[in-house]
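Report on the following structure.
The values are calculated or read from the model by the stated rules, or taken from the named source; none is laboratory data. Source: prediction; values computed, not measured. Cβ: placed from backbone, ideal geometry, glycine included. Neighbour counts: every protein chain shown.
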Amino acid sequence: MTVSNLLMKVHYVNIGRKQYRVEFNWNALMAFLVESGQDTMEGLASLTSLKPSDIIPLAYAAIKEGERIEGRELSLTKEGLGECLDAGIIREIISIFAEQNSSGKEKGDSDTGDADKAKKKSIFQRSARSGE
């Protein structure tokens, strides 16, 4: 078990008859961006900006990374994953993405001022200095 396993909540999703770890860390996000030919994080800033065609590559990258962290090799292909996904599993994966990349406000944090808001921002949110 790695240090990251001890410090954070670990998420799993059941696909078929097997449980897979889902990890939307930097490795998974970069793998998705390379796979999709994107070179900007803007597409990941909001789940509403994801295209339906992004769901399987993004989920695959996160499950592959989660399994790597667990010390297992993912035996599913992207096509195999797509065969197993239904709307419920997709909602679960998107929910995990949102939780792992949230700013903290969604978890009931109180509004304590601009300095605290800046600290809680997701790495995918633009700062006020960038013009947005």
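Checked against (1) modelled with pLDDT under 95; (2) at positive phi, GLY71 passes all but condition (1). Restricting attention to region 28-40, the residues being assigned to a helix (DSSP H, G or I) and either over 14 Å from the mean Cα position of the chain (by Cα) or surrounded by fewer than 16 Cβ atoms within 10 Å (Cβ to Cβ) (or both) number 4.
Looking at TYR60, is it within 18 Å of GLU99 (Cα to Cα), touching a helix residue (DSSP H, G or I) at 6+ places or on another chain (Cβ under 9 Å) and not in a helix (DSSP H, G or I)? Don't jump to the end; show me each part of the working.
Working: within 18 Å of GLU99 (Cα to Cα): yes; touching a helix residue (DSSP H, G or I) at 6+ places or on another chain (Cβ under 9 Å): yes; not in a helix (DSSP H, G or I): no.
Criteria not met by TYR60.
Of the residues making up region 63-77, not one is farther than 18 Å from ARG17 by Cβ, part of a loop (DSSP other than H, G, I, E, B) and in contact (Cβ under 8 Å) with a residue 12 or more places away in the chain.
Residues that are β-branched (Val, Ile, Thr), surrounded by 12 or more Cβ atoms within 10 Å (Cβ to Cβ) and either in a loop (DSSP other than H, G, I, E, B) or touching an Asp or Glu at 6+ places or on another chain (Cβ under 8 Å) (or both): does region 78-92 have at least one? Full working, then the answer.
Keep residues of region 78-92 that are β-branched (Val, Ile, Thr), which gives 89-90.
Those still in the list that are surrounded by 12 or more Cβ atoms within 10 Å (Cβ to Cβ) too: 89-90.
If we keep only those that are either in a loop (DSSP other than H, G, I, E, B) or touching an Asp or Glu at 6+ places or on another chain (Cβ under 8 Å) (or both) too, we end up with none.
Checked region 78-92: no residue is β-branched (Val, Ile, Thr), surrounded by 12 or more Cβ atoms within 10 Å (Cβ to Cβ) and either in a loop (DSSP other than H, G, I, E, B) or touching an Asp or Glu at 6+ places or on another chain (Cβ under 8 Å) (or both).
Applying a threshold of 8 Å to beta carbon distances and a minimum spacing of six or more residues, or different chains, the list of pairs starting in region 41-52 at a residue that is assigned to a loop (DSSP other than H, G, I, E, B) and ending at one that is of a type in the set (Phe, Trp, Tyr) reads MET41/PHE124; ALA45/PHE124.
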